[in-house]
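Chemist: Can you read through this structure? Questions will come right after.
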Amino acid sequence: MASLHQTNKFYLLFRKDLALFFDTFVSLSSAFGFAFLSVLVATFTLGAVILPEHDRVILAHAANWLCFVFSVVYIFTKTIEAERLHEALDMILLSRISPATFYFAKWLSTTLVVWLMQILICLLFEIFFAANFLKNIFPLALVFLLSSSAITSTGILFSAMSSYLRNKEISLPIIIFPLSIPVLFSGVELSMSLSIYQNLDVFWLSVLLAINAISLSVSWLLFERVVRG
Amino acid sequence: MHINALENIIYKSTAKSILAWFVFLLLTASNYFVFIVTPEEQVMGAVQKVFYFHVGSAIVSYVLIAILFVASVFYLISRRAAWNYLADASSSVGLLFCSIVLITGMIWGKSAWNTWWRWEPRLVSFLVLWAVLFSHRFLSWQRASAVFSAVLGIFAALNVPIVVFSVKFLNQSEQLHPQVVAQQGLRSEWYVFTLLFCTISLIIFAFLLMMLKTKVILLSSKYKELSRNYG
């Protein structure tokens, strides 16, 4: 590993992370199962209320983001667990891979998985809630990508942190939920502006981009401190 | 900052007693100015009095989070325990003052808007700040590594600009939170004086609370060290 260029190391780590998600399929299917159940609960509770088309779509957006954040936390609890359980994280850090390379590979792979999960949740809402999401699926996918990236950038950092804590199952949501609210706020505003006005609100798009830039750079700067302890 | 320097400040009991009596006098005087001297606001009536403690506590919260940020950064750079104790104390007292801001805001909101809570930018962003400070305390209760607390302390401080500028996110007509100071809504000189006096009193009060909390943290860390050595 020592002789490899950082880009190759990044690519190998990225592939390893994707393989961890897709080969075993355990964490991915569990996250999807959890998301599916939360969509069903949302459909049962909210779908029973007879609402005008406009209100139903707004409600669907809010419920969509709610289901997303619950399933995302489940993905984060698993994302660094494999490395921690088998002490692979120490080995990786010993093999001259910089923590920054490890962080960015983890961020990219987890962002893709989280993004995929959000699109699946969106499709579930389309089926069960008649939410009319497919009409704007491409700009919506861009919003999902940006929000996935923002939430994952801090999610990886706090997932690494909580893996060292005694009550990690409860610690991660308690830390992640408050920090994810600005992302959710701008995500909900953007997706609703797409549904109502058929275009992306430039203000909230810049807020989401700013959150991405700040959270990614701060998390990258602090990641080494967290994993080296 | 070295731990001995921190101990020198914290353990000086005479200075602390004088400060405690000074704080007592300041807070009594603040109440006197708020409830006796300052004229009652014409529209809101007596409920407007909560404004002095609400704004004062909000400013104290920002000051404490600034201390949390500085102490967290310096801890990550130097790894000196004194910075961690300072960060721990500031987040603890900061959470208390954030709670006061939320509670006094709700009391004001019930009177002004006829509801305890409205989902508008300033209120939501401040609630997020409170929640991040709560998670910082949660890490401390979990006896998490000081590095983790410092990292979360930095993220808590990143929320402060969001809270401060949240009122700019929407047009003034679309939000309910008043911008009294920015819009020069304090028409009487007494309003301005009382607000300043209350804020300064609360800052000194928070400083005293931080000293006491730091003493508790220092004593508990010494107790743990002794238990490890002789237990």
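Chemist: In straight Cα distance, which lysines are under 20 Å from B:LYS12, not counting same-chain residues fewer than 8 positions off?
Modeler: List returned: B:LYS213, B:LYS215, B:LYS222.
Chemist: Would you tell me the mean number of C-beta atoms belonging to other protein chains that fall within 10 Å of each C-beta in B:141-150, as a whole number?
Modeler: 5
Chemist: Please give the length that would be gained between A:SER29 and A:PHE128 if that part of the chain were fully extended, namely 0.36 nm times their separation in residues minus their C-alpha to C-alpha distance (nm, one decimal).
Modeler: The span from A:SER29 to A:PHE128 would gain 33.7 nm if fully extended.
Chemist: Using a Förster radius of 35 Å, what is the FRET efficiency between B:GLN42 and B:VAL164 based on their Cβ-Cβ separation? Nearest 0.05, please.
Modeler: Using R0 = 35 Å, I get an efficiency of 0.75.
Chemist: Next question. With θ taken as phi - 60° and the coefficients 6.51, -1.76 and 1.60, list the Karplus ³J(HN,Hα) couplings across region B:121-136 in order, rounded to whole Hz; mark glycine and proline as x.
Modeler: Listing the rounded values in order: x, 5, 5, 5, 5, 6, 5, 4, 4, 4, 5, 5, 5, 4, 5, 5 Hz.
Chemist: Here is a further query. Give me the extension gain from A:SER217 to A:LEU85: residue separation times 0.36 nm, minus the current Cα-Cα distance, reported in nm with one decimal.
Modeler: 44.8 nm
Chemist: Can you put A:LEU18, A:LEU165, B:LEU68 in order of Cβ neighbours within 10 angstrom, beginning with the fewest?
Modeler: Neighbour counts put them in this order, fewest first: A:LEU18, A:LEU165, B:LEU68.
Chemist: OK, next. Pairs of alpha-carbon atoms within less than 8 angstrom and 6+ residues apart define the contacts here; what relative contact order does region B:20-174 have, in percent?
Modeler: It comes to 26 percent, rounded to a whole number.
Chemist: Mean-square fluctuation check for chain B, GNM, Cα pairs under 10 Å: which of B:PHE74, B:PHE138, B:PHE197 is largest?
Modeler: B:PHE138
Chemist: Could you check which residue among A:ASN199, A:ASN167, A:ASN64 shows the biggest mean-square fluctuation in a GNM of chain A with a 10 Å Cα cutoff?
Modeler: Taking springs between Cα atoms under 10 Å, the residue moving most is A:ASN167.
Chemist: How would A:SER217, A:SER149, A:SER163 line up from fewest to most surrounding beta-carbon atoms within 10 angstrom?
Modeler: Final ranking by Cβ density, sparse to dense: A:SER217, A:SER163, A:SER149.
Chemist: If you don't mind, another one. Would you mind getting me the FRET efficiency between A:HIS5 and A:LEU209? Use the beta-carbon distance for r and R0 = 41 Å, nearest 0.05.
Modeler: The formula returns an efficiency of 0.85 here.
Chemist: Which one, B:ILE59, B:SER13, B:GLY109, is farthest towards the positive end of the dipole of chain B when Lys and Arg carry +1 and Asp and Glu -1 on their Cβ?
Modeler: Of B:ILE59, B:SER13, B:GLY109, it is B:SER13.
Chemist: So for region B:42-113, averaging the separation of alpha carbon pairs under 8 Å that are six or more residues apart and normalising by length, what relative contact order in percent results?
Modeler: Taking the mean separation of contacting Cα pairs over the length of region B:42-113, I get 48 percent.
Chemist: Now for a separate question. Measuring from label point to label point, each 7 Å out along Cα→Cβ, what is the B:GLU189 to A:GLU169 span in nm?
Modeler: Calculated label separation equals 6.5 nm.
Chemist: Separate question: Using the count of nearby Cβ atoms within 10 Å as a rough guide to exposure, how do B:ASP88, A:ASP17 rank from fewest to most?
Modeler: Arranged by neighbour count, lowest to highest, B:ASP88, A:ASP17 become A:ASP17, B:ASP88.
Chemist: Which of the aspartates and glutamates could a cross-linker bridge to B:LYS49, judged by Cα under 12 Å and excluding same-chain residues fewer than eight apart?
Modeler: Of all the aspartates and glutamates, those that pass the test against B:LYS49 - Cα under 12 Å, at least 8 places apart if same chain - are B:GLU40, B:GLU41.
Chemist: How shielded is A:174-186 by partner chains, expressed as the average number of their Cβ atoms within 10 Å of its Cβ atoms?
Modeler: For peptide A:174-186, the averaged partner shielding equals 5.
Chemist: Hey, another quick one. Could you work out the mean count of beta carbons from other protein chains within 10 Å of each residue's beta carbon in A:216-226?
Modeler: Average neighbour count from other chains, rounded to a whole number: 3.
Chemist: Do any trypsin sites (Lys or Arg not before Pro) in region B:26-117 lie in a DSSP loop with no more than 13 other beta carbon atoms within 10 Å, and if so, which?
Modeler: For trypsin sites (Lys or Arg not before Pro) across region B:26-117 that sit outside H, G, I, E and B with at most 13 neighbouring Cβ atoms in 10 Å, the list reads B:ARG79.
Just so you know, all these numbers are worked out from the coordinates, no wet-lab data involved. Since the model is a prediction, treat every value here as computed from it, not as a measurement. Neighbour counts run over all protein chains shown; Cβ positions are idealised from the backbone, glycine included.
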